[in-house]
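Working notes, structure below.
The values are calculated or read from the model by the stated rules, or taken from the named source; none is laboratory data. Values in this document were obtained by computation on a predicted structure and should not be read as measured data. Neighbour counts run over all protein chains shown; Cβ positions are idealised from the backbone, glycine included.
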Amino acid sequence: METKQLLLDTPLLEPEIEFSLANTIEVGVLASDKLAQCLDADLAAELKILVDEGERAWDEFFKANLRLAMWVAKKEANRYESPLEDVFQEACLGLADAIQRWDHRRGLRFSTFAVPWIRYRASSAALTKGGQNELSANRIRSQINGSSSRVDVVAVSPDLICQLGISTPPEDPFADTSPWWFIELADIHQQVLALRYGIEINGVPTKRHTIAEVAEKLRVSYSQVRRLEAAALRRTKELISQVA
């Protein structure tokens with residue numbers, strides 16, 4: 001089936017169906033692990049059934065969320081003037097990553113959890129195909145501190161989302177959920193988070209940097225970067241908790 005037709009023919013999943021499929025996938029994964037070490041023929045046959053059911057559930061879950069991957073891919077492809085097909089392929093890999101990592105017991109809708117993972121893959125592909133350059137430390141400073149340039153955070157990495165423990169989904173899972181809290185942080189905290197977690201500023205992404213790399217770029221000590229990052233995360237959690 002062609003991708004376009006698949007997107008049109010596959011309905012979105014209701015929350016209870018998401019949970020059921022995710023549970024079946026998890027059981028299938030556990031059964032697969034046991035099957036690899038199983039010596040009992042009867043038990044192996046039962047485990048194989050669970051594995052097959054898990055694989056079918058994964059396929060159904062993946063196909064039902066392809067339109068989410070396409071939605072993200074279109075935005076990133078348009079932003080960087082990149083071939084949609086290439087970006088969509090990477091978005092699908094991000095979707096697969098999200099399915100593997102999503103904990104359905106936390107009460108967070110899959111679409112809310114998945115968007116950062118999909119966008120992370122898609123934006124990287126779009127950036128490469130579009131021939132854009134990574135965001136340097138100097139450009140970060142100019143984007144953040146320039147009086148004529150408004151900071152507009154477009155996307156953050158999935159790791160930062162997990163680090164902050166953000167679990168409240170927007171009413172519309174397809175809404176643009178730019179993190180409002182970023183512009184409330186001090187300039188130096190913005191710089192450190194942008195470099196450490198690959199925050200996209202004014203449509204220009206930056207790759208993730210190690211603490212040592214951030215220290216070198218900002219010309220501060222290793223321990224200072226660690227303290228600044230901890231302070232930035234702490235302040236961000238405080239801001240989020242105020243509106244939770």
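Here segment 90-108 is the region considered, the condition is being in a loop (DSSP other than H, G, I, E, B) and at pLDDT 85 or above, and the residue that is surrounded by the fewest Cβ atoms within 10 Å (Cβ to Cβ) is Asp103.
Here's the yes/no breakdown for (1) modelled with pLDDT under 70; (2) within 30 Å of Ala69 (Cα to Cα); (3) within 15 Å of the chain's Cα centre (by Cα):
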{"residue": "Ser167", "(1), (2), (3)": "yes, yes, yes"}
{"residue": "Ile188", "(1), (2), (3)": "no, no, no"}
{"residue": "Glu216", "(1), (2), (3)": "no, no, no"}
{"residue": "Val225", "(1), (2), (3)": "no, no, no"}
{"residue": "Leu228", "(1), (2), (3)": "no, no, no"}
{"residue": "Leu239", "(1), (2), (3)": "no, yes, no"}
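Looking for something at positive phi, over 14 Å from the mean Cα position of the chain (by Cα) and at pLDDT below 85 - is there at least one such residue anywhere in segment 130-151? Yes, segment 130-151 contains a residue that is at positive phi, over 14 Å from the mean Cα position of the chain (by Cα) and at pLDDT below 85.
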